[in-house]
Every structure is written in C-alpha cells, then in structure tokens.
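The values are calculated or read from the model by the stated rules, or taken from the named source; none is laboratory data. The structure displayed is predicted, hence computed values, not measured ones. Ideal geometry is used to build each Cβ from the backbone, glycine not excepted, and the neighbour counts take in all protein chains shown.
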Ligand code: SF4
C-alpha cells in the first residue's frame, strides 16, 4: 500500500465528516417493515436497483406473510411474482430455501449472528451485514457494495479490489461508530456525484482531498484504474 495507514485514517475521517454534512439524512433506501422483509429485500437487491426492488416488494409483502408462506410457495409462483427483478428465478429459490431454514432451524425468526445468516441460501457477508445492522442493531462490519467499492478505491482508502478485503481494510480506517453510516454516505455520493462512468469531480465536496480528482484531464474509462 503506497499511502501510510495514518494518513488514510485521517482521510477516512475527513471523508465521513464532509459526506455527513452533504447527506445529513443518508440511510437505507430499501422498504421493509420487519426483519424478514428486510432480508428478502436485500437478497433481491443484488445486481438490481433499490427502486426496482421497492416497486416489486410492495405487492410481494402484501401477498406473503411470514417465512412459512415463502417456504411453501411453489417455485414458479414466487418466480413469477418477482419476474421484473434480475436473476428472479435464482432469487426465488434462495428466498424459499432461506425461509425453509428459518422455519426449521430458527423458530421462524431471522437469525442474529453472522454465521447463522451466512448459512442461509443467497446470503453472503454483505447481505448479512445489512440485516444485522438494520434488523438487529448489530454492527459487525462495513457493507461493501459497488458504490463503497468504487469510492474507497478512488479516494485512496484501499487498493484492494474485492469486497471482503476492502471491508477488512475499511474497518481499520473508518471510526467504528461510523461503520454503518459510511456505507449509506458512499451510496448517496456514488449515486449523486461520484458515479461509475461520469463522476462530477467539478462539483464534488471531496475534490481537494481525492487522489482521483480528474481536473481538466479526460478520464480513461478503458484503463479501469481507478475509474
Ligand atoms: S473528486 Fe471525483 S473521483 Fe473523487 S470522489 Fe469526487 S467525484 Fe469521485
């Protein structure tokens, strides 16, 4: 790693400060009213926009009520219900299987540990972190989605490429009290300004502390580094 940890820790704190000021109401954008709905919404949100998921779950959550309903739903019926969502067939399978486990092994309750959550079908560390944070008020790590991944690299907080090592590195840099909020701030900034293909560096609150600030030069989308 080129930049010393001490200065990356300062960088992380400054990023959090500035983004908190820019996005004071930053929070999760998926809609849910209980832990199971949260779990299902997060499973559905992989490779899909939260907006699309919210549109689909409005009817889904009225139709199915509790893990037994999902576990007992015929695969075709549940898949049909989700058919505007990416990978809906697989996601329907994951949801049915996860709910079966919840019924059989967890008395119908969404588990509250990382190990038990990641044992459920379709649940990786990212999904488990979201469910722990927003469903159980347990913050064990940092949710690294595509926005967190991209911004952390552009901002020089990490040179890692994949979510799990990025999470480990961020956990050493971001103050623990901000682990949950860091994700939401990155998502808001990633959507509003630091977009994947056309970051608006001229109008970015982080421009003067960002090593990837593009200034007047053209960005090279083909290089993949760090854009
Ligand atoms: S200066 Fe540009 S690359 Fe850096 S965080 Fe802002 S928008 Fe993203």
*asked:* Criterion first (modelled with pLDDT of 95 or more and within 13 Å of the ligand (Cβ to nearest atom)) does residue 157 satisfy it?
replied: yes
*Give segment 167-183 a look and list any residue that's more than 16 Å from the ligand (Cβ to nearest atom) and without any contact (Cβ under 8 Å) to a residue 60 or more places away in the chain, or say none.*
167, 168, 169, 171, 176, 177, 179, 180
*If we only count helices (runs of 4 or more DSSP H) wholly inside segment 98-157, which ones have 3 or more residues that are outside the structural domain of residue 18 (by TED's automatic domain parsing)?*
114-118, 125-136
*asked:* From the list 85, 102, exactly one residue is more than 18 Å from the chain's Cα centre (by Cα) and within 22 Å of residue 62 (Cα to Cα). Which is it?
replied: 102
*If residue 202 satisfies every condition in (1) in a helix (DSSP H, G or I); (2) within 16 Å of the ligand (Cβ to nearest atom); (3) surrounded by 14 or more Cβ atoms within 10 Å (Cβ to Cβ); (4) more than 15 Å from the chain's Cα centre (by Cα) but one, which is the exception?*
(3)
*Could you identify the single residue in 186, 194 that is within 18 Å of the chain's Cα centre (by Cα), within 16 Å of the ligand (Cβ to nearest atom) and assigned to a loop (DSSP other than H, G, I, E, B)?*
194
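Assess whether residue 120 counts as being farther than 18 Å from residue 45 by Cα and surrounded by 20 or more Cβ atoms within 10 Å (Cβ to Cβ).
The answer is no for residue 120.
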